[in-house]
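Take a look at the structure below.
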Amino acid sequence: MRPLLLAALAVSLIGAASAQPDGAPLGLGIAQPAGLAADRPLYFFGSAEAQDPLDSLTVREGPHHFEIATAPPWLDPEVAQVEEVTVWLRVVGVTRQRAEVIVHGREVRWPPRTMWVEREAVRFVPWAAFWLEVHSIETPEAAPLHLAPDGETVGMTETGRPLHVLEVRHGWARVAWAEAPESEAGPLGWVRWHDGRRLLVRYSLRS
């Protein structure tokens, strides 16, 4: 990637802490590069069977930690923090050796596209486990809270108010308010996190 393009990636994605529900396919979960180092790039392949990579993401050793050195001009990850080399890619398919990931999900400069990465080069986190790792989720609009999955409605979420995920069952997450006062502590109910086609929540990596 040329310096100008790398700067653009930094400006648009540095410090990104959340992902929004959008028109992207629901997918299977998130892939995070594993063991990315100066001598271990993340290679992108055009198909599950391709022998030669089309491009790669490389890092260099900075004053305190690794930093992104080069990246494909079309790379627009689910989440990226340039200075900390946090790059998360949405997984839409897997084989025994590779994972198909969304590398450009928005209709900006390039059409949406996917590429393939080696499974041993990434840590694959299915959505159910992913919700238990992130700091919080939010519903972009007030959404029903249910006593149980597909059960009766017991309340509503508040638009943009963070929720901790306590448990996940299929398309449902049992939640509690994040950083709530003692009077509001405890489980609230269950909220749907996908509709079978797309995410219904956005998530935050940190408070």
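Just so you know, all these numbers are worked out from the coordinates, no wet-lab data involved. Keep in mind that this is a model prediction, so the values were computed, not measured. Positions of Cβ are generated from backbone atoms using ideal geometry, with glycine treated the same way; all protein chains shown enter the neighbour counts.
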Problem - Packing-based exposure ordering (other Cβ within 10 Å, fewest first) of Ser204, Ser136, Ser183 - result: Ser183, Ser204, Ser136
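Taking 30 Å as R0, compute the FRET efficiency from the Cβ-Cβ separation of Leu132 and Asp52 and round it to 0.05.
It comes out at approximately 0.20.
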Completion exercise
Distance in nm between Arg113 and Glu67 label points, each 7 Å along Cα→Cβ, equals 2.7 nm
Fill in the blank from the handout: Amide H proximity to Glu167 below 5 Å, modelled H, separation 5+ or other chain, gives Arg174
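Can you figure out the FRET efficiency of Thr159 with Gln97, using R₀ = 45 Å and their beta-carbon distance, to the nearest 0.05?
Numbers: r = 42 Å, r/R0 = 0.94.
It comes out at approximately 0.60.
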Completion exercise
Along segment 43-48, Karplus-curve 3J(HN,Hα) (6.51, -1.76, 1.60; θ = phi - 60°) to the nearest Hz, with x for Gly and Pro, reads 8, 10, 10, x, 7, 5
Exercise for the section: Take segment 50-207, compute every pairwise Cα distance, and split them into 5 Å bins from 0; I just need the percent in each bin. Expected result: 2, 8, 14, 17, 16, 14, 12, 9, 5, 2, 1, 0
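Report the rotationally averaged projected area of segment 134-204 based on its alpha-carbon convex hull, in square nanometres. The partial results should precede the final answer.
Numbers: hull surface 17.8 nm².
Mean projected area for segment 134-204: 4.4 nm², to one decimal.
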Problem - For segment 107-175: Kirkwood Rh in Å [reciprocal of mean 1/r, alpha carbons] - result: 14.7 Å
Practice task
Report the net charge of residues surrounding Trp172, where surrounding means a beta-carbon distance below 14 angstrom and charges are Lys +1, Arg +1, Asp -1, Glu -1.
Solution key: -1
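Hey, fewest Cβ within 10 Å first, where do Leu26, Leu199, Leu163, Leu89 land in order?
Least to most surrounded, the residues fall as Leu26, Leu199, Leu163, Leu89.
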Problem - Separation of alpha-carbon centers, segment 42-79 and segment 161-200, rounded to whole Å - result: 33 Å
